[in-house]
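Scroll down for the structure; my scribbles are underneath it.
The values are calculated or read from the model by the stated rules, or taken from the named source; none is laboratory data. The model shown is predicted, which means the values in this text are computed figures rather than measured ones. Backbone-built Cβ (ideal geometry, glycine too); neighbour counts: all protein chains shown.
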Amino acid sequence: MLQTIFASGADPVGHVVDKNINEWLTLSMLSIVAGFAVAMFVLVKAAKAIQTGPESDGNRRYITTSRLGQVIEVMVLHLRDEMLKPVMGERLANTWTPFLLSQFFFVLTLNLFGLVPWADMQEAVFVVFGHHPHFDVPANFSQKSAVYFGGTATASILVTGGLATVSLVAILYQSIRELGILGTLEHLCGGPDLVRGPIFLWLVIPLIFVVELAGLIIKPAALAIRLFANMVAGHTLLAVLFGFGAAAAKAGAGTFGVASITLLSGTFGVLISFLELFVALLQAFIFMFLTAVFISLMSHGDDHAHDEEHSHDHADSHGHAPATAAAH
């Protein structure tokens with residue numbers, strides 16, 4: 001019974017892999033819908049706390065009115081001002097910040113959602129109050145699984161692949177938006193200098209096109225594989241640690257042995273859970289940040305030049321002209 005309740009039986013990977021609820025519905029599908037609903041609820045609630053209040057509140061109308069709103073506000077401002085703008089430039093960051101932050105909070109919600117042992121709790125309830133498919137099941141009992149909800153959606157390569165596909169669409173959209181269709185093709189062929197250059201250089205254009213096209217696909221694929229691998233590895237480790245007690249009981253270690261092993265492995269499992277919280281946040285950030293980097297690579301790169309020019313103008317207004325300007 002313990003092996004059934006914890007870690008989905010003897011196989012720790014069974015705790016992590018996606019499960020079919022029926023022929024067309026899986027746990028990851030429900031987790032995506034639930035994660036979207038939770039993320040929307042939290043962000044809308046935080047937005048109402050952050051927004052400026054009525055004039056009757058005086059100066060207090062500019063103060064965020066909840067702890068949740070304060071946390072979300074700090075995260076948004078830090079990601080936008082310290083992470084996205086330095087990489088993308090102010091113009092591009094202002095355009096893509098809503099999309100990138102939505103991506104960050106959605107992935108973060110799915111990652112955190114997977115840390116809650118919904119599936120194991122359902123297994124336990126099914127064992128205590130009803131029949132379980134892993135036990136002796138009556139012939140007329142049609143239930144194939146004890147789990148109807150839960151799991152880590154981002155531990156499914158199909159889910160992370162779908163998220164990465166959205167990033168790929170955003171990258172291509174930015175490229176076509178900035179360079180146009182012909183400009184995007186020129187970029188994939190090595191740039192206008194090569195395409196419009198000497199004829200003898202055209203021989204390398206097919207090779208460059210294949211490499212650039214492969215790189216365009218590999219970039220979001222790496223995002224999908226990185227997120228998937230980290231979620232699977234972390235949750236499998238937790239399943240192994242929490243399953244040691246059941247394994248000891250099955251091996252006949254005795255009451256003291258089972259209790260000792262369960263306490264020790266449970267302690268390490270709790271510690272690893274805190275590490276998983278950090279990994280969940282880190283992987284959501286990496287997914288968003290690398291998407292921002294790939295999008296910025298498809299721009300003309302004039303944002304940073306504009307920012308530099310703006311800083312020079314700011315310096316001139318204070319009587320501190322750059323050395324190049326002084327030389328002229």
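Brief remarks follow.
- Residue in region 106-122 that is within 23 Å of L275 (Cβ to Cβ), touching a Ser or Thr at 6+ places or on another chain (Cβ under 9 Å), among the charged types (D, E, K, R) and in a helix (DSSP H, G or I) present: yes
- Selection within region 286-312: residues that are of a type in the set (S, T, N, Q) and farther than 24 Å from M75 by Cβ. The member of this set that is modelled with the lowest pLDDT is S311.
- Scanning region 241-264 for residues that are surrounded by fewer than 18 Cβ atoms within 10 Å (Cβ to Cβ) and of a type outside the set (D, E, K, R) gives A251, G252, A253, G254, T255, F256, G257, A259, S260, L263, L264.
- Pair list, Cβ under 7 Å, 6 or more apart: region 60-72 residue β-branched (V, I, T), other residue in a loop (DSSP other than H, G, I, E, B) and surrounded by fewer than 15 Cβ atoms within 10 Å (Cβ to Cβ): none
- Candidates V16, V38 - the one that is modelled with pLDDT of 90 or more and within 25 Å of V159 (Cα to Cα): V38
- Condition check for E178: among the charged types (D, E, K, R), assigned to a helix (DSSP H, G or I) and either in contact with a helix residue (DSSP H, G or I) (Cβ under 6 Å, 6 or more places away or on another chain) or within 24 Å of V17 (Cβ to Cβ) (or both): no
- Options L201, L163, L207, L185; residue that is of a type in the set (A, V, I, L, M, F, W, C) and within 27 Å of N94 (Cβ to Cβ): L163
- Per-region count, region 123-164, residues among the aliphatic types (A, V, I, L, M), part of a loop (DSSP other than H, G, I, E, B) and modelled with pLDDT of 55 or more: 2
- Across region 75-112, the number of residues qualifying as under 11 Å from the mean Cα position of the chain (by Cα) and among the aliphatic types (A, V, I, L, M) comes to 6.
- In a residue-by-residue description of region 227-234, the property of being modelled with pLDDT under 70 and part of a helix (DSSP H, G or I) applies to no position.
- Any hit, region 188-196, residues being touching a helix residue (DSSP H, G or I) at 6+ places or on another chain (Cβ under 9 Å), of a type in the set (G, A, S) and in a helix (DSSP H, G or I): no
- Sub-8 Å Cβ pairs linking a first residue in region 174-197 that is at positive phi and surrounded by 13 or more Cβ atoms within 10 Å (Cβ to Cβ) to a second residue that is at pLDDT 80 or above and among the hydrophobic types (A, V, I, L, M, F, W, C), at least 6 apart or interchain, are G190/V204; G190/I205; G190/I208; G190/F209, ordered by first then second residue.
- Those residues of region 14-29 which are under 26 Å from G243 (Cβ atoms) and not in a strand (DSSP E or B), in sequence order: G14, H15, V16, V17, D18, K19, I21, L27, S28
- Applying the criterion of being of a type outside the set (S, T, Y) and not in a helix (DSSP H, G or I) to the residues of region 30-77, the residue that is farthest from P98 (Cα to Cα) is P54.
- Being of a type in the set (F, W, Y) and either over 30 Å from the mean Cα position of the chain (by Cα) or crowded, with 18+ Cβ neighbours inside 10 Å (or both) is a condition met by at least one residue of region 217-238.
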